[in-house]
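What follows is a short report on a single structure.
The values are calculated or read from the model by the stated rules, or taken from the named source; none is laboratory data. Computed from a predicted structure; not experimentally measured. We place every Cβ from the backbone using ideal geometry, glycine too, and count neighbours over all the protein chains shown. What goes into the accessible areas is simple: the full protein's heavy atoms, side chains included, and nothing from ligands, DNA or RNA. Shrake-Rupley method; radii C 1.70, N 1.55, O 1.52, S 1.80 Å.
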Amino acid sequence: MTIPTEKLLNDLKNITAENMYFAENILNQPDELLNFRLSEKKWSVLECFEHLNRYGKFYIPEIGQRINNSGTKPTEIFNSGILGNYFAESMLPKKGLEKMKTFRSMNPLYSNLDKKVLDEFIAQQKQIIILLNNSEKIDLNKTKTGTSISNLIRLKLGDTFRFVVYHNLRHIEQAKIIFKSRWI
């Protein structure tokens, strides 16, 4: 995938802002509703957000450190890497939201959660927008990040941003389905 860097960053900021907007709009809902599961083995709305928070705790510092240490100049075009594009595209929500396996440490099923999870998510999204803004000054192609799978797997920063934001979008869509199901 090849895309103007400015368009990529703006698209990712818009998705992040929409994800944050959803979280802000359900803050006033009762914990009982936000902890509702469609079945015993499926996540609740808050478990979806907690899952994202756990990934954010890895990726936000990783991205921040790579931006601060980059020393590169921005380029007009971002060219996705083969592996990075695969990871990012696999996170985009698709019809039916195909189930994916998650690492045990990232699985929040049966966690005791309250709305602090939403507050943390909103704070993380604000940090992501700051990181997206800061990345306008560096090369998203040459700056690389480690991944939560392994530091041996390194992705272009643009692909890492795509992966994180699309992963957030995927689980926000999942949370919306769960949330709406309580009203049907």
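Farthest toward the positive end of the dipole of the chain, out of GLN125, PHE78, SER44, is the Cα of PHE78, where the dipole comes from beta carbon charges about the Cα centre.
Think of each Lys and Arg Cβ as +1 and each Asp and Glu Cβ as -1; about the Cα centre, that makes the dipole of the chain roughly 460 debye. Element breakdown for the chain at a 1.4 angstrom probe: carbon and sulfur atoms account for 54% of the accessible area.
At full extension, ILE177 and ILE149 could sit 7.3 nm farther apart than now, given 0.36 nm per residue minus the alpha carbon distance. Of all lysines in the structure, those lying under 20 Å Cα to Cα from LYS57, and not within fewer than 8 positions of it along the same chain, are LYS13, LYS101, LYS115, LYS116, LYS126, LYS144, LYS156. When only the Cβ of Lys, Arg, Asp and Glu is charged (+1, +1, -1, -1), the dipole of the range 107-180 relative to its Cα centre reaches about 160 debye.
A simple spin-label model places pseudo-atoms 7 Å from Cα toward Cβ; at GLU6 and LYS42 they are separated by 4.3 nm.
Annotation: per residue accessible area for the range 123-164 equals 42 Å², rounded to a whole number [probe 1.4 Å, protein chains only]. Each of the peptides 129-135, 64-70, 52-58 was scored by the mean count of other Cβ atoms within 10 Å over its residues; in descending order, highest first, they stand as 52-58, 129-135, 64-70. In the chain, the longest principal axis of the Cα atoms and the axis of helix 116-134 are about 20 degrees apart. By the helix-only formula, in which each DSSP H run with n ≥ 4 contributes -39500 (n - 2.57) and the sum is divided by residues, the chain has a 222 nm mean residue ellipticity of -19000 deg cm²/dmol.
Could you tell me the calculated FRET efficiency between LYS142 and LYS94, based on Cβ-Cβ distance and R0 = 22 angstrom, to the nearest 0.05?
E between LYS142 and LYS94, to the nearest 0.05, is 0.10.
The residues of the range 34-89 expose, per residue, 51 Å² of accessible area to a 1.4 Å probe. Taking the centroid of alpha carbons for each part, the range 9-24 and the range 165-180 are 12 Å apart.
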